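Only one structure is covered here, and it is reproduced in the block below.
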Amino acid sequence: MKEILGELELPKAEISILLLDDIQITGVNREYLKRDRPTDVISFPMFDSTFPNVQPHLLGDVVISVETAGRYAAEKQSGIYKEITALLIHGVLHLLGYDHEVSDEEDKKMRTEEKKIFRKMLRSDLWSRGQQSR
């Protein structure tokens with residue numbers, strides 16, 4: 001996580017990460033977004049422009065379905081670690097205000113940033129160590 005935030009030049013930022021299965025994330029999706037279905041990742045930004053100095057480093061929460069990440073890994077024949085990392089990057093970008101649902105231009109901007117960060121993660125020594133420790 002520190003590496004992702006470092007790539008975004010936010011080394012002091014804080015987020016919480018919640019890993020759930022599809023049934024659990026369906027409940028979160030239903031309760032907070034009124035969507036009665038599982039999803040891969042949900043972000044809850046905490047930054048409040050009204051009181052920006054209360055918790056200036058707290059970005060928010062990222063909720064990830066490990067079950068969905070596992071399906072993605074199987075479909076792509078990649079590892080679950082890669083898929084969870086990709087979802088985490090996606091969720092963090094949402095915390096920072098990126099929103100691919102607004103327009104095609106915003107979608108392209110977000111996808112470009114995701115790919116840039118993911119490629120840097122793949123080239124890092126930490127990625128290699130993370131894969132070896134599994």
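The values are calculated or read from the model by the stated rules, or taken from the named source; none is laboratory data. Please read these numbers as outputs of a predicted model, since none were measured by experiment. No Cβ is skipped: glycine too gets one built from the backbone with ideal geometry, and neighbour counts run over all protein chains shown.
Just checking, how many residues over the range 31-43 are assigned to a loop (DSSP other than H, G, I, E, B) and touching a residue at least 12 places away in the same chain (Cβ under 8 Å)?
Just the residues of the range 31-43 that are assigned to a loop (DSSP other than H, G, I, E, B), to begin with: 34-40.
Subsequent filtering for residues that are touching a residue at least 12 places away in the same chain (Cβ under 8 Å) retains 38-40.
Of the residues in the range 31-43, 3 are assigned to a loop (DSSP other than H, G, I, E, B) and touching a residue at least 12 places away in the same chain (Cβ under 8 Å).
So, of the residues in the range 1-46 that are more than 30 Å from R123 (Cα to Cα) and of a type in the set (V, I, T), which turns out to be surrounded by the fewest Cβ atoms within 10 Å (Cβ to Cβ)?
Quick first cut of the range 1-46, residues more than 30 Å from R123 (Cα to Cα) only: 22-38, 46.
From what is left, the residues that are of a type in the set (V, I, T) are 23, 25-26, 28.
Details: I23: 10, I25: 24, T26: 17, V28: 19.
Among residues in the range 1-46 that are more than 30 Å from R123 (Cα to Cα) and of a type in the set (V, I, T), the one surrounded by the fewest Cβ atoms within 10 Å (Cβ to Cβ) is I23.
I need the full set of residues from the range 84-93 which are modelled with pLDDT of 95 or more and of a type outside the set (A, V, I, L, M), in order please.
Of everything in the range 84-93, those that are modelled with pLDDT of 95 or more and of a type outside the set (A, V, I, L, M) turn out to be H90, G91.
Within the bounds of the range 52-71, is there any residue that is over 20 Å from L8 (Cβ atoms), modelled with pLDDT under 95 and in a helix (DSSP H, G or I)?
No, there is no match, as no residue in the range 52-71 is over 20 Å from L8 (Cβ atoms), modelled with pLDDT under 95 and in a helix (DSSP H, G or I).
When residues of the range 1-23 are filtered for being free of Cβ contacts under 8 Å to residues at least 40 places away in the same chain and more than 21 Å from K116 (Cβ to Cβ), how many remain?
Number of matching residues: 1.
Those residues that are in a helix (DSSP H, G or I) and over 13 Å from the mean Cα position of the chain (by Cα), I need them from the range 4-30; list them, please.
Residues satisfying the conditions are G6, E7, D22, I23, Q24, I25, T26, G27, V28, N29, R30.
Cβ-Cβ below 9 Å, separation at least six or inter-chain, first residue in the range 105-118 and free of Cβ contacts under 8 Å to residues at least 40 places away in the same chain and closer than 12 Å to V92 by Cβ, second β-branched (V, I, T) and surrounded by 12 or more Cβ atoms within 10 Å (Cβ to Cβ): which pairs?
What qualifies is E113/I89; E114/I89; F118/T85; F118/I89.
Condition check: under 19 Å from L10 (Cβ atoms), modelled with pLDDT under 90 and not basic (K, R). Does S133 satisfy that?
No: the conditions fail for S133.
Give all pairs with beta carbons closer than 8 Å in which a residue from the range 68-81 that is farther than 18 Å from P38 by Cα meets a residue that is surrounded by 15 or more Cβ atoms within 10 Å (Cβ to Cβ); count only pairs at least 6 apart in sequence or on separate chains.
Pairs found: K76/E83; S78/Y72; G79/A73; Y81/G130.
Checking the condition in contact with a helix residue (DSSP H, G or I) (Cβ under 7 Å, 6 or more places away or on another chain) and either on the phi > 0 side of the Ramachandran plot or not small (G, A, S) (or both), which residue from E75, E101, E113 passes?
Being in contact with a helix residue (DSSP H, G or I) (Cβ under 7 Å, 6 or more places away or on another chain) and either on the phi > 0 side of the Ramachandran plot or not small (G, A, S) (or both) holds for just one of E75, E101, E113, which is E113.
If the requirement is being modelled with pLDDT under 95 and within 15 Å of L96 (Cα to Cα), which of these qualifies: E14, E3?
E14
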